[in-house]
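Data first, discussion second: the structure below is written as structure tokens.
The values are calculated or read from the model by the stated rules, or taken from the named source; none is laboratory data. Everything quoted here is computed from the prediction, not taken from an experiment. Because the Cβ atoms are built from the backbone with ideal geometry, glycine has one as well, and the counts that use them run over all protein chains shown. When the accessible area is computed, the model is the full protein with side chains, heavy atoms only, and any ligands, DNA or RNA have been set aside. Shrake-Rupley method; radii C 1.70, N 1.55, O 1.52, S 1.80 Å.
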Amino acid sequence: MYGNYRLSDLDISLRDLRIWVEKSGFLRYRRRLGNSEVEKVFFSDHEVLVNPVEPVNLPRSITNYLFIQISKPVVLEPLSSAEFYLTFPIEIGVLVVKEGNFEDIDVFSFVKPKYALYGEPRGGVIARFWQSDVFSEIPDVDFVEKGVMRLRVQNLSDSWVEVSKVVFDVYAMKIYYSESMVSSMAEMRIHSRKIAETSFVDRAMFDGMRKAVELYTARKIPIFATKFTMEWGT
């Protein structure tokens, strides 16, 4: 499903999703997923890119933070590191391509979005909420619903720590995809039981994967930070 198309040739069917274009003097883009329908009109043909995007756009722009709750806490001894896999929710963007510029015309998801508060009510942040198991190897997941994240955690403190949650600023998220997998790589540096820093790594998990176009880049949103400091515990 992911990849480049001509708008006039767009015809995708997957489960209860259908994306197609009707030609009647102009080009009528239509998308139906469950009870959700989108319809837009174009007067000229364009290249279109369908790829996974940062999972914070639905049902509307609420936050740029992703909060992953880990179902079984990971325990790290002092001054140690560990690497494991998590999952994250996928949103799919449809972008028109013209002269190297991108304009998103549609974003949808097979996963219903949930949001939660990370931190204290007066100083915390609202974030897209997701719960994930922890995996020692790459899990077999549905690539239109879930992506796979490789997370490297470094405990820089002299205390034992438990990691049960991780929060990211997804404006810095780097997503790669293939015909059967969506992935991202990230790091977490723990300074104490209360303070940690998270960031993304701009690298594909496997050779041959294609880098997804980031919506904040397409929308020309200025980025002021590439890391997020977790101040209310891990």
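Once you have all Cα-Cα distances for the chain, histogram them in 5 Å bins from zero and send the whole-percent values.
Whole-percent P(r) values from 0 Å outward: 1, 6, 13, 17, 18, 15, 11, 7, 5, 3, 2, 1, 0, 0.
So what are the ³J(HN,Hα) numbers for the range 172-185, from phi and the Karplus equation (6.51, -1.76, 1.60; θ = phi - 60°), rounded to whole Hz, Gly and Pro as x?
9, 6, 10, 10, 10, 8, 9, 5, 9, 7, 10, 9, 8, 10
Which ³J(HN,Hα) values in Hz, rounded to whole numbers, follow from the phi angles of the range 11-28 under the Karplus curve 6.51 cos²θ - 1.76 cosθ + 1.60, where θ = phi - 60° and Gly and Pro get x?
These are the phi-based 3J(HN,Hα) values: 7, 10, 10, 8, 6, 9, 9, 9, 10, 8, 10, 9, 10, 8, x, 9, 9, 9 Hz.
So if I place +1 on the C-beta of Lys and Arg and -1 on the C-beta of Asp and Glu, and nothing else carries charge, what would the dipole magnitude of the range 8-66 be about its Cα centre? I want it in debye, nearest 20.
So the dipole magnitude of the range 8-66 works out to roughly 220 debye.
Residues with amide H under 5 Å of residue 134's amide H, sequence separation 5 or more or different chain, H placed in the peptide plane at 1.01 Å from N; which?
So residue 134 has HN proximity to 71, 72.
Hull surface divided by four, with the convex hull built on the Cα atoms of the range 1-91: how many nm²?
9.2
Just to check I understand the Karplus step: with θ = phi - 60° and J = 6.51 cos²θ - 1.76 cosθ + 1.60, what whole-Hz values come out for the range 187-201, glycine and proline as x?
Along the range 187-201, the couplings run 10, 9, 10, 9, 9, 7, 5, 10, 10, 8, 10, 10, 7, 9, 10 Hz.
Taking the convex hull of the alpha carbon atoms in the range 39-170, what volume per residue do you get, in Å³?
Per residue, the Cα convex hull of the range 39-170 comes to 152 Å³.
Of the lysine pairs in the range 127-234, how many meet both conditions: Cα atoms under 20 Å apart, and a spacing of 8 or more in sequence or different chains?
Lysine pairs meeting both conditions in the range 127-234 amount to 12.
What are the residues whose amide H is under 5 Å from the amide H of residue 227, where those residues sit 5 or more places off or on another chain and H is modelled from the backbone?
Amide H to amide H, under 5 Å and 5 or more residues apart or across chains, residue 227 pairs with nothing.
In debye, nearest 20: dipole of the chain around its Cα centre with unit charges on the Cβ of K, R (+) and D, E (-)? If you can, show how the numbers build up before the last one.
Working: 30 positive and 32 negative charges, 106 e Å.
It comes to approximately 500 debye.
Over the range 131-234, what relative contact order in percent results from Cα pairs under 8 Å that are six or more residues apart?
So the answer I get is 29 percent.
Could you give the accessible area per residue of the range 118-232, probe 1.4 Å, as a whole number in Å²?
52
For the range 128-234, give me the percentage of DSSP beta bridges that are antiparallel, rounded to the nearest 5 percent.
In the range 128-234, approximately 65 percent of DSSP beta bridges are antiparallel ones.
Please tell me the relative contact order of the range 1-109 in percent, rounded to the nearest whole number, where contacts are Cα pairs under 8 Å and at least six residues apart.
Computed value for the range 1-109: 22 percent relative contact order.
Carbon and sulfur atoms: what percent of the 1.4 Å accessible area of the chain do they account for?
Using a 1.4 Å probe with all protein chains present, the chain comes out at 47 percent carbon and sulfur.
Of the chymotrypsin sites (Phe, Trp or Tyr not before Pro) in the range 1-46, which ones lie in a loop per DSSP and count no more than 12 other C-beta atoms within 10 Å?
Working: sites: 2, 5, 20, 26, 29, 42, 43; in loops: 2, 26, 43.
Sites meeting the loop and neighbour criteria: 26, 43.
How large is the direction-averaged shadow of the alpha-carbon convex hull of the range 87-226, in nm²?
Averaged projected area of the range 87-226's Cα convex hull equals 10.2 nm².
If you take all C-alpha pairs in the range 36-78, what percent of them are over 12 Å apart? Present the calculation step by step, with values, prior to reporting the outcome.
Working: 727 of 903 pairs.
I get 81 percent for the Cα pairs in the range 36-78 exceeding 12 Å.
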